[in-house]
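Chemist: Supplied in structure tokens, the structure appears directly below.
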Amino acid sequence: MYRYDTLDHTLVAERVAQFRDQTQRFLAGQLSEDEFKPLRLRNGLYIQTHAPMLRVAVPYGLLSTRQVRMLAHLARKYDRGYGHFTTRQNIQYNWPKLEEVPDMLADLATVEMHAIQTSGNCIRNTTADHFAGIAPDEIDDPRPYCEIIRQWSTLHPEFNYLPRKFKIAVTGSPADRAASQVHDIGLHLRRGPDGQIGFEVLVGGGLGRTPIIGKVIRDFLPREHLLSYLEAVLRVYNRAGRRDNIYKARIKILVKAMGEEAFRAAVEQEWALIRDTALLLDVVEIDRMRKYFRPLPYEKLPDIDVTAGREAAFVAWYRHNTRVHKVSGYRAVMVSLKTPGIAPGDMTAEQMDGLADLADRISSGEVRSTHDQNLVLGEVRQQDLYETWQRLTALGLATANIGTLADMICCPGLDFCSLANASSISIAHQITERFSDIDYLYDLGPLEIKMSGCMNACGHHHVGHIGILGVDKHGEEWYQITIGGSASGDSSLGEVIGPSVAKLEVANTLAALLDVYVSIREEDETFLQVVRRVGVTPFRERVYAPNR
Amino acid sequence: MRQIVKHRQCQADAWSMPGEAAAAAGVVVSLADYLAVQAGTLASPAPAGAALGVQLEPADDEAQLLPFAAQLQLVVVNFPKSAEGRGYTQGRMLRERYGYCGELRAAGAVLLDQVFLLARCGFDAFDMAPGENLTLAAAELDRFSVAYQTVVGTVVQPHRRGQVG
Ligand code: HEM
Ligand code: SF4
């Protein structure tokens, strides 16, 4: 993975010093709440229901075991012994003390980590496919480009006061595992006409109040022009994006208002002026970055049948929680952070330490975070899978539910968030309790449930196969249900099935939807395929049937 | 007299801003007025011998100053709110695209914690928000000793640093 050089170390150390100074000025009363807010936000610090919340950047979801141990240390020393992995591959701490945050940042800096631009109206952490570098269908590893973008976007002098936050996702595979179509910019690695590598560029995707799938504004951008093109998009947005209304300030609204064609023309015009300046990436620089992400020295191993003669629990785990690796004899292992009864994405310090030890022993010494709030051990020899399962089981990280209904995405909701209408976490518990029969979940097949506690859509409900949104009705919690959304290669936004349902009815409503699915599916059809085939109506009729 | 940070020093400002009585040294006017004076449709409000400067608002297009980039001595970029970000682009473009070499001043709701990034966009003078400490603001210009982006005045292109030394 990428390793800091002197420049990176110096920059992060100076950023920590700057934030320490800003915090001291605030605590000494020299900065008002209002003045401190944009400063702390640019460093990932929200003030929430109970306490400040610190969001730490995990660039493109890649962590060394040394970093994982530091995250465990932070959880123990400054928080209540756990952290919360988010839908943008980052980790959040819900209980730090404001005056200790500079110390947390200093600790993070020792392992080449920071919280720079994890919130605020600036370019956020760039996310990527969590199978980057190991997926068989990959055109090129997105991570070197993500690191180039990370550096370019970090404290970019021109783009730190954008109209609104700005998120970039990069994927190297046609199967989009980074939700890139609902990002402000989505970059898809592609091969060009002469076999050269570059990007398809999407702009203007996003969720929140106005969910929109990104539009392709360039079919093929040769990779050496990556930064100049991004800079052109950002400059057009910085100038023309709306600043009078935060609900209309995202780039998606600008693209809609200008029209795709006019927006593309404005970008191309700006790009023509800067494409051959210092922003041009040369091969030497790209190769320097690629070296940091070189494939492991893999052993020559055959694919083996690891399940023969093993207990059913292991077989189920193998089937649901491991994934194909591009090298024979290896598998990628999904580490489930969706233990029933625990908030999706939460992980204790002991689990982090245990996972770090395991990753050092049997994997590459790296751990990846996913946008659906799980973790991945990317490089596990098939012969080590049984031991891996045993150790993960002991850590409580082997629930064999990846890709099933129980693998829900969920925002913090009322438990931690001051904007929430809904207690997303308790709804998640209601659902896991109701659907506790794992064989039923396996029978339902791939099913993505995504839940947000309010319109801001931190839980990506618009792109859930089933989406659940908390709404406030006269001070009571109600839930609006959508079906048919997806954030994969064929992204789509879900459709509302009807009036929102009461809190106690959420799991029952899901049960009705799933009954319809089971009764009309053909052969191996998934829930999403059925919704796409038959539309919302049969589902709506069942849920709102008078006699139900 | 107004105190500003200019060329890293706290100093008195000799110019008058739009809406103030014309100063003997120089008078700053809005972009519309500046263009009108240049077009000969408006008499210059500057006393004889005084220079004429211009103040850009966030929605103004700095490209209109291109013909006058060599003769201008002061461009003020106004930041009505501290969250206003268009001025960063205006500054960079004036320096990098239009070759403007005179004083480039950020004015309005300019806060201590913003001068470093503004300076990286080419600003060399700061008319700070009321209450900001100018000495501390000048010191903020040294907040970072490194940066990742190649902007006006960068010596080694940071994204090519692998090829140096
Ligand atoms: C608890 C404190 C949190 C607050 C106050 C908060 C606030 C917000 C707000 C206001 C937005 C909407 C911004 C917009 O649409 O322009 C947003 C979007 C988002 N948040 Fe959060 N959030 C919180 C926690 C989280 C967590 C824990 C996650 C991850 C699980 C998360 C992931 C996201 C994502 C992915 C979006 C983007 C949706 C989009 O593309 O529009 N947030 N958040
Ligand atoms: S979706 Fe709403 S309730 Fe959930 S974390 Fe985001 S802002 Fe808070």
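No value in this document is a laboratory result; all are computed from the given coordinates. Note that the coordinates shown come from a computational prediction; the quantities given were computed from them, not determined experimentally. When we count neighbours, we look across all protein chains shown, and the Cβ atoms used for this are built from the backbone with ideal geometry, even at glycine.
Chemist: Each label point is 7 Å from the Cα along the Cα-to-Cβ direction; what then is the distance between the points at A:GLN383 and A:ALA106, in nm?
Modeler: Reported label-point gap for A:GLN383 and A:ALA106 is 4.7 nm.
Chemist: Still on this model: I'd like the mean, over residues of B:76-85, of how many other protein chain beta carbons sit within 10 Å of each residue's own Cβ. All intermediate terms of the calculation are to be shown ahead of the outcome.
Modeler: Details: counts 0, 0, 0, 1, 0, 2, 4, 7, 3, 13.
For this peptide, the per-residue mean of nearby foreign Cβ atoms is 3.
Chemist: Roughly how crowded by other chains is peptide B:112-121, in terms of the mean Cβ count from those chains within 10 Å of each of its Cβ atoms? Write down the numbers at each step before the final one.
Modeler: Values: counts 7, 11, 4, 0, 4, 7, 1, 1, 5, 3.
What the average comes to for B:112-121 is 4.
Chemist: Using helices alone, what [θ] at 222 nm do you get for chain A, with -39,500 (n - 2.57) per DSSP H run of 4 or more residues, divided over all residues and rounded to the nearest 500?
Modeler: Numbers: 17 runs with 196 residues, N = 548.
My calculation for chain A gives -11000 deg cm²/dmol from helical runs alone.
Chemist: Points 7 angstrom from Cα along the Cβ direction at A:ARG361 and A:ASP282: gap in nanometres?
Modeler: The modelled label-to-label distance comes out at 4.8 nm.
Chemist: For the range A:409-543, what is Rg from Cα atoms divided by 2.2 N^0.38 Å, rounded to two decimals?
Modeler: On the way: Rg = 14.1 Å, N = 135, 2.2 N^0.38 = 14.2 Å.
Taking the Cα Rg and dividing by 2.2 N^0.38 Å, one obtains 0.99.
Chemist: State, to one decimal in nm, how far the label point of B:ALA21 lies from the label point of A:THR393, with both points 7 Å from Cα in the Cβ direction.
Modeler: The modelled label-to-label distance comes out at 8.9 nm.
Chemist: Here's a follow-up. Output needed for chain B: three equivalent-ellipsoid semi-axes, defined as square roots of 5 times the C-alpha gyration tensor eigenvalues, in descending order, whole Å.
Modeler: On the way: eigenvalues 161, 75, 35 Å².
Working from the Cα gyration tensor, I get semi-axes of 28, 19, 13 Å.
Chemist: Using alpha carbons only, what's the Rg to Rh ratio of the protein assembly as shown with Rh from Kirkwood?
Modeler: Numbers: Rg = 27.2 Å, Rh = 27.2 Å.
Reported Rg/Rh, Kirkwood definition of Rh: 1.00.
Chemist: Related question: Give the range of the longest stretch in chain A that excludes all GluC sites (Glu not before Pro) found in loop regions by DSSP and having at most 13 other beta-carbon atoms within 10 Å. Mind showing how you got there, number by number?
Modeler: Numbers: sites that count: A:GLU299, A:GLU311, A:GLU522, A:GLU523.
Between the exposed loop sites, the longest stretch runs A:1-298.
Chemist: With just the Cα atoms of the range A:261-394, tell me how far they stretch along each of the three principal axes, in Å, largest first.
Modeler: Per principal axis, max minus min of the Cα coordinates gives 64, 41, 30 Å.
Chemist: Now, a different point. Given springs between every Cα pair under 10 Å in a Gaussian network model of chain B, which of B:ALA39, B:ALA70, B:ALA109 has the largest fluctuation?
Modeler: Most flexible of the set in this elastic network: B:ALA39.
Chemist: What number does the range A:6-109 give for Rg over Rh if you use C-alpha atoms and the Kirkwood radius? Kindly include the intermediate steps, with their values, before the conclusion.
Modeler: Values: Rg = 13.6 Å, Rh = 14.2 Å.
We get a ratio of 0.96 for the range A:6-109.
Chemist: Right, another one. Grab the DSSP H runs of chain B that are 4 residues or longer, score each as -39,500 (n - 2.57), total them, divide by all residues and round the 222 nm result to the nearest 500 deg cm²/dmol.
Modeler: Numbers: 4 runs with 29 residues, N = 165.
For chain B, the value works out to -4500 deg cm²/dmol.
Chemist: Another question, then. What number comes out for the charge environment of B:GLU132, summing +1 per Lys or Arg and -1 per Asp or Glu over other residues with Cβ under 11 Å away?
Modeler: Working: positive: none; negative: A:GLU35, B:ASP113, B:ASP127, B:GLU140.
Charge balance near B:GLU132 sits at -4.
Chemist: What whole-number distance in Å separates the alpha-carbon centres of the range A:273-289 and the range A:54-68?
Modeler: Between the Cα centres of the range A:273-289 and the range A:54-68 lies a distance of 27 Å.
Chemist: Still on this model: At 0.36 nm per residue, minus the direct Cα-Cα distance, what do A:ALA511 and A:ARG532 gain on full extension? Give it in nm, one decimal, please.
Modeler: Values: separation 21, 0.36 × 21 = 7.56 nm, distance 1.90 nm.
Fully extending the segment from A:ALA511 to A:ARG532 adds 5.7 nm.
Chemist: Let me know the mean shielding of A:148-158 by other chains, meaning the per-residue number of their Cβ atoms within 10 Å of its Cβ. The partial results should precede the final answer.
Modeler: Working: counts 2, 0, 1, 6, 5, 2, 3, 8, 7, 16, 15.
Rounded to a whole number, the mean comes out at 6.
Chemist: Before anything else, pin down the relative contact order of chain A: Cα pairs under 8 Å, at least 6 apart, normalised by residue count, whole percent.
Modeler: Numbers: 1149 pairs, mean separation 67.1, N = 548.
Normalised by residue count, the contact order of chain A is 12 percent.
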